[in-house]
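All remarks here apply to the structure that follows.
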Number of protein chains: 4
Amino acid sequence: MTEGITVRRLRGGDREGWQRLWDQYLRFYRAELPPETSDATFARLCEPDGDLVGLLAVNGDGRAVGLAHLVFHPSTWTETPYCYLEDLFVDPASRGSGVANRLIDMVYESARELGAGRVYWTTQQFNGAARSLYDTVAHLTSFVVYEHEF
Amino acid sequence: MTEGITVRRLRGGDREGWQRLWDQYLRFYRAELPPETSDATFARLCEPDGDLVGLLAVNGDGRAVGLAHLVFHPSTWTETPYCYLEDLFVDPASRGSGVANRLIDMVYESARELGAGRVYWTTQQFNGAARSLYDTVAHLTSFVVYEHEF
Amino acid sequence: MTEGITVRRLRGGDREGWQRLWDQYLRFYRAELPPETSDATFARLCEPDGDLVGLLAVNGDGRAVGLAHLVFHPSTWTETPYCYLEDLFVDPASRGSGVANRLIDMVYESARELGAGRVYWTTQQFNGAARSLYDTVAHLTSFVVYEHEF
Amino acid sequence: MTEGITVRRLRGGDREGWQRLWDQYLRFYRAELPPETSDATFARLCEPDGDLVGLLAVNGDGRAVGLAHLVFHPSTWTETPYCYLEDLFVDPASRGSGVANRLIDMVYESARELGAGRVYWTTQQFNGAARSLYDTVAHLTSFVVYEHEF
């Protein structure tokens, strides 16, 4: 079903397609970011050796249809990094055809390549569409998340 | 109640007291780590300018009674880092006297000093003792955590 | 609303209609089964005196529009069997007209006939559409489910 | 820590030690069973080739310190049985020494021997003591449990 879909590292020339997906993703979370934050994020996601790794799913016509953003960070529990899948999004028009699965496969591959022994992410407990997929590729944990913002 | 309690940065000479708390903390999670992982973690927590920050609560007798471990990492949503409170532990003999609150105050202060706009952590949904405290100093989010280990 | 709907025991001649529903149900859970597993399951569901009981909802045109699969098994808490409702599915085109309620009524009737004192089932905590129905015909318990696969 | 602990199949001569644990376990769930139900359950747990399998943890003095009861039942999703761990209990005086882990190891071994590809169980979402152990030996699922009793 995902014939013609390629998942690859994000690069400088992808800005337009990436921005379209990123805007939809932020709207889903009812969030707005200053344009300079998106600029900085896009630049960091394209850096070849940074802590952030951007992945883009592109269809046979060269159109960006999905994105995944990884953050690698140290942990006190292990000498290898953890890989945090901070953002995952598939264009609604391309859903149901395996794009998310292809992105997650590539997330796992990238995490392994970069030495991480664990990939994790969070999702709203009521996001059934996402969780019904996550239940098939990862394990739910017993953890809930607390936060404090300044 | 916390008279005589000081919370300060972890340093090389704290190994013995820190190890005692760390071992109890790991036992709580029924986890065992290779000694070299604890060695590496302790060293990184003591580095003055790294991504990991160790905090130690010490009582009037100079005894270590609590610890907090912070991980600073970038986020795609902001240009400033996030502060992840990965570990928090108070010696059972010193609980109920405000040590955890003092540690969290210092976590927030350290996060601000290091430019983070958000501190977050996770806890098991059934850890009532911890959550009754967290509810007073932070906000529960709607997020659950998925993970995949290699 | 469910005029013309009949719920009855599954039988050998129902294979085609049953398979159509079963395939949709598995797709909902993003699951794929080997064809020989579906063959074996169908055969067992049709056996008159086995541990598995298949129920089929058929509309006035004789079209299969819903299924329910029951597993009867012993329990250490009671001398009578428990009835586990393992699968329940209604064709999306036939939803909202009471087919699920009719199926559940028949589940209860079958369970009673076969001597079970308790019917139970599980559902994903985020499946709001299903849970809003279940809340009207059964009781939520405080139980969560752990699993280990070999 | 579990030196001297043996986990083995339950047998007819274990009735007294088993009954003591079973009574404590039922009290934990605030349940009362008719004596004849316990009689029947014990008998079925001791049968060599039935659907119920009883396991008993015995210490070096021959004292019963833990039990596990397995129910094997068919599933529509697989041709091999599922193994439902219906009851698990460790004498409070013997907790914290690995008895539960030893029982679960033997549950997995028994399940494999009897051809099950999956072991599952349920626990109250607020049972922190149990879940902190389960989180280390199995995976939490997204499922909640509904029930209807006649």
Could you please find all residues in segment B:109-129 being among the polar types (S, T, N, Q) and in contact with a Cys (Cβ under 9 Å, 6 or more places away or on another chain)? B:110
Please find, among B:98, B:66, the residue that is out of contact with any helix residue (DSSP H, G or I) (no Cβ under 9 Å at 6 or more places or on another chain), away from chain A (no Cβ under 14 Å) and either surrounded by fewer than 22 Cβ atoms within 10 Å (Cβ to Cβ) or modelled with pLDDT of 95 or more (or both). B:98
Scope segment D:119-130; condition more than 7 Å from chain C (Cβ to nearest Cβ) and under 15 Å from the mean Cα position of the chain (by Cα); matching residues: D:130
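Condition test on residue B:149, is it surrounded by fewer than 18 Cβ atoms within 10 Å (Cβ to Cβ), at the interface with chain A (Cβ under 7 Å from one of its Cβ atoms) and charged (D, E, K, R)? Don't jump to the end; show me each part of the working.
On the way: surrounded by fewer than 18 Cβ atoms within 10 Å (Cβ to Cβ): yes; at the interface with chain A (Cβ under 7 Å from one of its Cβ atoms): yes; charged (D, E, K, R): yes.
So residue B:149 fits the description; yes.
Report yes if residue A:94 is among the polar types (S, T, N, Q) and within 17 Å of residue A:22 (Cα to Cα), otherwise no.
Details: among the polar types (S, T, N, Q): yes; within 17 Å of residue A:22 (Cα to Cα): yes.
Against the criterion (among the polar types (S, T, N, Q) and within 17 Å of residue A:22 (Cα to Cα)), residue A:94 qualifies.
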Identify, by number, the condition in (1) surrounded by 10 or more Cβ atoms within 10 Å (Cβ to Cβ); (2) more than 15 Å from the chain's Cα centre (by Cα); (3) modelled with pLDDT of 95 or more; (4) within 11 Å of chain C (Cβ to nearest Cβ) that residue D:36 doesn't meet. (1)
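Being touching a residue at least 24 places away in the same chain (Cβ under 8 Å), surrounded by 14 or more Cβ atoms within 10 Å (Cβ to Cβ), among the hydrophobic types (A, V, I, L, M, F, W, C) and more than 26 Å from residue D:86 (Cα to Cα): is that true of residue C:53 here?
Details: touching a residue at least 24 places away in the same chain (Cβ under 8 Å): yes; surrounded by 14 or more Cβ atoms within 10 Å (Cβ to Cβ): yes; among the hydrophobic types (A, V, I, L, M, F, W, C): yes; more than 26 Å from residue D:86 (Cα to Cα): no.
Judged against the criteria, residue C:53 is not a match.
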Note: among B:116, B:111, just one is open to solvent by less than 40 Å² (accessible area, probe 1.4 Å), touching a Pro at 6+ places or on another chain (Cβ under 6 Å) and within 9 Å of chain A (Cβ to nearest Cβ), namely B:116
Output the residues belonging to segment C:1-36 that are free of Cβ contacts under 8 Å to residues at least 24 places away in the same chain and under 24 Å from residue A:96 (Cβ atoms). C:19, C:23, C:26, C:27, C:29, C:30, C:31, C:32, C:33, C:34, C:35
Among the residues listed as C:76, C:80, C:41, C:6, the single one being open to solvent by less than 70 Å² (accessible area, probe 1.4 Å), touching a strand residue (DSSP E or B) at 6+ places or on another chain (Cβ under 7 Å) and polar (S, T, N, Q): C:76
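Just to confirm my filter: which strands (runs of 3 or more DSSP E) fall fully inside segment C:42-150 and include at least 3 residues that are within 19 Å of residue D:143 (Cα to Cα)?
Details: elements: C:52-58, C:64-75, C:78-90, C:118-124, C:139-149.
Here the list reads C:64-75, C:78-90, C:118-124, C:139-149.
On the phi > 0 side of the Ramachandran plot, in contact (Cβ under 8 Å) with a residue 40 or more places away in the chain and of a type outside the set (D, E, K, R), is that true of residue C:60?
Numbers: on the phi > 0 side of the Ramachandran plot: no; in contact (Cβ under 8 Å) with a residue 40 or more places away in the chain: yes; of a type outside the set (D, E, K, R): yes.
Against the criterion (on the phi > 0 side of the Ramachandran plot, in contact (Cβ under 8 Å) with a residue 40 or more places away in the chain and of a type outside the set (D, E, K, R)), residue C:60 does not qualify.
Go through segment A:104-118 and report how many residues are without any contact (Cβ under 8 Å) to a residue 40 or more places away in the chain and of a type outside the set (Lys, Arg). If you could, list the steps in order and put the result at the bottom.
Restricting attention to segment A:104-118, the residues satisfying the condition of being without any contact (Cβ under 8 Å) to a residue 40 or more places away in the chain are A:104, A:108-109, A:112-113, A:115, A:117.
Restricting the remaining residues to those that are of a type outside the set (Lys, Arg) gives A:104, A:108-109, A:113, A:115, A:117.
Total satisfying the criteria: 6.
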Residue check, residue C:104 against (1) touching a strand residue (DSSP E or B) at 6+ places or on another chain (Cβ under 7 Å); (2) open to solvent by less than 30 Å² (accessible area, probe 1.4 Å); (3) not hydroxyl-bearing (Ser, Thr, Tyr), all met but one. Which one? (1)
Scanning segment B:2-41 residue by residue, those more than 24 Å from residue D:134 (Cα to Cα), of a type in the set (D, E, K, R) and assigned to a loop (DSSP other than H, G, I, E, B) turn out to be B:3, B:11
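May I ask you to list the residues in segment C:9-33 that are within 12 Å of chain D (Cβ to nearest Cβ), open to solvent by 20 Å² or more (accessible area, probe 1.4 Å) and at pLDDT 95 or above?
Start the filter on segment C:9-33 by keeping residues that are within 12 Å of chain D (Cβ to nearest Cβ), which leaves C:10, C:18, C:22, C:25-26, C:29, C:31-33.
Next, from what is left, pick out any that are open to solvent by 20 Å² or more (accessible area, probe 1.4 Å): C:29, C:31-33.
The one that is within 12 Å of chain D (Cβ to nearest Cβ), open to solvent by 20 Å² or more (accessible area, probe 1.4 Å) and at pLDDT 95 or above: C:33.
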Of these, D:90, D:7, D:53, which one is β-branched (Val, Ile, Thr), in contact with a His (Cβ under 9 Å, 6 or more places away or on another chain) and under 27 Å from residue C:145 (Cα atoms)? D:53
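The values are calculated or read from the model by the stated rules, or taken from the named source; none is laboratory data. Being a predicted model, the structure only gives us computed values, none of them experimental. Every residue, glycine among them, receives a Cβ derived from its backbone with ideal geometry; neighbour counts consider all protein chains shown. All accessible areas refer to the heavy atoms of the entire protein, side chains included, with ligands and DNA or RNA removed. Shrake-Rupley method; radii C 1.70, N 1.55, O 1.52, S 1.80 Å.
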